[in-house]
1. Evaluate the charge dipole of the range 71-165 about its Cα centre and quote only its size in Debye, nearest 20, assuming +1 on the Cβ of each Lys and Arg and -1 on the Cβ of each Asp and Glu.
2. How far is helix 49-62 tilted, in degrees, relative to the longest principal axis of the Cα atoms in the chain, given as a value from 0 to 90 rounded to the nearest 10?
3. Assuming a ≥ b ≥ c are the square roots of the Cα gyration tensor eigenvalues, decide whether the range 58-152 counts as rounded (a/c under 1.5), prolate (otherwise, with a/b larger than b/c) or oblate.
4. Quick one: net charge of residue 162's neighbours, Cβ under 10 Å, K/R +1, D/E -1?
5. How would you classify the range 10-86 from its alpha-carbon gyration tensor, with a ≥ b ≥ c the square roots of the eigenvalues: rounded for a/c under 1.5, else prolate if a/b is greater than b/c, otherwise oblate?
6. Would you please put 38-44, 115-121, 78-84 in order of how densely packed they are, using the mean number of other Cβ atoms within 10 angstrom per residue and starting with the highest?
7. Would you kindly derive the ³J(HN,Hα) couplings of the range 74-86 from the backbone phi angles with the Karplus curve 6.51 cos²θ - 1.76 cosθ + 1.60 (θ = phi - 60°), listing them in order in whole Hz, with x for Gly and Pro?
8. Taking the solvent-accessible surface of protein heavy atoms with a 1.4 Å probe, what is the per residue accessible area of the chain in Å²?
Amino acid sequence: WVFFEEPRAADDRTQSTRLREIFKMQVLLIDLLDASHYFWSPACLWSEAEQFRAAVTEMLASGMPPVLHLVAFRRQETSAGASMGTRGLVLFSGQELEARIPGGWTVAEMVRRLSRLALDMMLNGPVRHDRTMRGLEAGEWIDLSPRAASGNLRSTVVVEFGRDG
């Protein structure tokens, strides 16, 4: 089954309101169809239906979107080393994230950090200017550098993680 919302000319709802209503409808459809899995096409991401339902319930209580069910985090090898990028975040903020994986870091550590950044972008919008901020741990910093889209490439925020000293 495929579900999508048709755009309406006189729709004054915000994107987050529309998406919240879509997620609520999708949970109802999961129950109606007794679905075992849920597919979010913007990220090409499958989730177990029960996990998605629980994430939507949490979103309705806390206001935090179910980022791990909506944004894919992909590890890739390049000539410069390992990196991780998002897929599907562009729907919410107009941008994707791309970060080099620092030596010694695991994929789980990268997903933890990038998902926090993705959540911030989903709630507060795109990164408009270069900025540096504190990381999740003491002495950790994060540089964010937005890159404008060119040609067929999407707008990307290049993320660099580092530590003091």
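The values are calculated or read from the model by the stated rules, or taken from the named source; none is laboratory data. Computed from a predicted model, the values in this text were never measured in an experiment. Neighbour counts run over all protein chains shown; Cβ positions are idealised from the backbone, glycine included. Only protein heavy atoms, including side chains, enter the accessible area calculation; ligands, DNA and RNA are left aside. Shrake-Rupley method; radii C 1.70, N 1.55, O 1.52, S 1.80 Å.
1. The dipole magnitude comes to about 240 debye.
2. Compared with the principal axis, the helix lies near 80 degrees.
3. It is rounded, given that a/c, with a ≥ b ≥ c, falls under 1.5.
4. -3
5. It is prolate, given that a/c is not under 1.5 and a/b is the larger ratio.
6. 115-121, 38-44, 78-84
7. 10, 8, 9, 9, 10, 5, 8, x, 7, 9, 9, x, 9
8. For the chain, the solvent-accessible area averages 61 Å² per residue.
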